[in-house]
1. Being at pLDDT 95 or above and touching a Ser or Thr at 6+ places or on another chain (Cβ under 7 Å) is the requirement here; does residue 386 meet it?
2. Anything in the range 362-392 that is surrounded by fewer than 16 Cβ atoms within 10 Å (Cβ to Cβ), within 24 Å of residue 40 (Cβ to Cβ) and more than 22 Å from the chain's Cα centre (by Cα)? List them, or say none.
3. Evaluate the following for residue 132: is it part of a helix (DSSP H, G or I), surrounded by fewer than 16 Cβ atoms within 10 Å (Cβ to Cβ) and of a type in the set (Asp, Glu)?
Amino acid sequence: MKISNNETSGAANDPVSPEGNGPLAGVRVLDLTTVVMGPAATQILGDLGADVIKVEQPDGDSMRGIGPFRHAGMGPLYLQANRNKRSVMLNLKSPEGRASLLALAASVDVVVSNIRPQAMKRLGLDYASVREINPSIIFCAAVGYGSGGPDAGKAVYDDLMQAASGISGLFRKVDGAPRYAPVNLCDRIVGLYLTISVTSALYHRQRTGEGQEIEVPMFETMAQFVLADHMGGGAFVPPEGKMGYLRLLSRTRGPYATKDGHLSLVVYTNTHWRAFSKLVGEPDLLDRDPRFFTQETRTQNAEAIGEYLSVHLATKTNQEWLDILTKADIPASPVNDIEDLFEDPHLKAVNFFSDMEHPTEGTLRTARFPVVFGRSPATIRRLAPTLGEHTQEVLDELIHRGSGGSSYSQILPGSAS
């Protein structure tokens, strides 16, 4: 794979490199996930150095089919969640495919699956089955609802979880109608919990030698995530007032219209407010208006606070405000469109984007792993694979490892049929 940026840098923190020594180097992950949440999580493991083997059924991950395309089956949502992986195509409903998968499971450290648990059990690929052949396995099941509740086993998607966890209802509190955030918010957040859980289990196994089963439920994870901000009076028994964080629920929170666009700013602490009120010619604001006295009074009067900011922000252009606010040390940001991110001066300065050559898709723009490690950097070692691109390579490795011996080689030709 050709790297068109930083080709000769050789730097330890080069984010795009054919070689890698990330913190998870040497860890092997069997990835039985599709759509967004699971693949995004296992891509993080791959960025951190793990060898991720993505097993796909003959029709492939459904995200392959969402365009635009240069070639069918290689859509942008798939490309952005499946780098640093090798693709193996297996028909898990066939005896040969199941045998191939179990042989792979015997050779890895971690199995991650978002296939519904009842289906995994029917296939004989559940934790109990895998543990028989690999006692130290870490087996992570991403599910919609935890196995102890009445909704266990139900299929879920990001939209359903935004509704169930209260996110859509928060929009209703703000503007009167429930809505979805225009990003796969739940998939991405729960994916992060999944990676935390897997890496924690790897650390536990290093200390104790014990593998384990992990269940990552989307509903419970998102319920905890949302309530962390919005428990409000419900945090007390009996309740001490309504639930919800008023500042976040304010209809006047912004972003605020300026003379030529919109601006996001957070006038938050007393220091911020004294500086801002001085800028707009009211240096005594915090002393004469009880709504502005403290952070708590400002939170309780969030609607009025937002209206105050809105009136003043409309008097200048974005750049005029940014220059003034920066000098006053008041946090502010322009409101970027997604297209603006490619030209953002900060992202350019930190080499966030790189152009890389994909063997079939040509030049692709990639966003590097955002965290910088001093000793074991994350890297992009390969771009998203074509369907089944590495089937023979990975299964041949099993033979060389001695998994199944010569008898195993007899099932290779039919493993994807």
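The values are calculated or read from the model by the stated rules, or taken from the named source; none is laboratory data. Everything numeric here is computed off the predicted structure, so don't read it as measured data. Neighbour counts are summed over all protein chains in view; Cβ atoms, including those assigned to glycine, are modelled from backbone coordinates with ideal geometry.
1. Working: at pLDDT 95 or above: yes; touching a Ser or Thr at 6+ places or on another chain (Cβ under 7 Å): yes.
Yes; evaluated as a whole, the condition is true for this residue.
2. Passing the criteria: 362, 363.
3. Working: part of a helix (DSSP H, G or I): yes; surrounded by fewer than 16 Cβ atoms within 10 Å (Cβ to Cβ): yes; of a type in the set (Asp, Glu): yes.
Against the criterion (part of a helix (DSSP H, G or I), surrounded by fewer than 16 Cβ atoms within 10 Å (Cβ to Cβ) and of a type in the set (Asp, Glu)), residue 132 qualifies.
Okay, residues lined up against (1) acidic (Asp, Glu); (2) assigned by TED's automatic domain parsing to the domain that holds residue 141; (3) surrounded by fewer than 17 Cβ atoms within 10 Å (Cβ to Cβ):
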{"position": "56", "(1), (2), (3)": "yes, yes, no"}
{"position": "66", "(1), (2), (3)": "no, yes, yes"}
{"position": "74", "(1), (2), (3)": "no, yes, no"}
{"position": "77", "(1), (2), (3)": "no, yes, no"}
{"position": "86", "(1), (2), (3)": "no, yes, no"}
{"position": "94", "(1), (2), (3)": "no, yes, yes"}
{"position": "114", "(1), (2), (3)": "no, yes, no"}
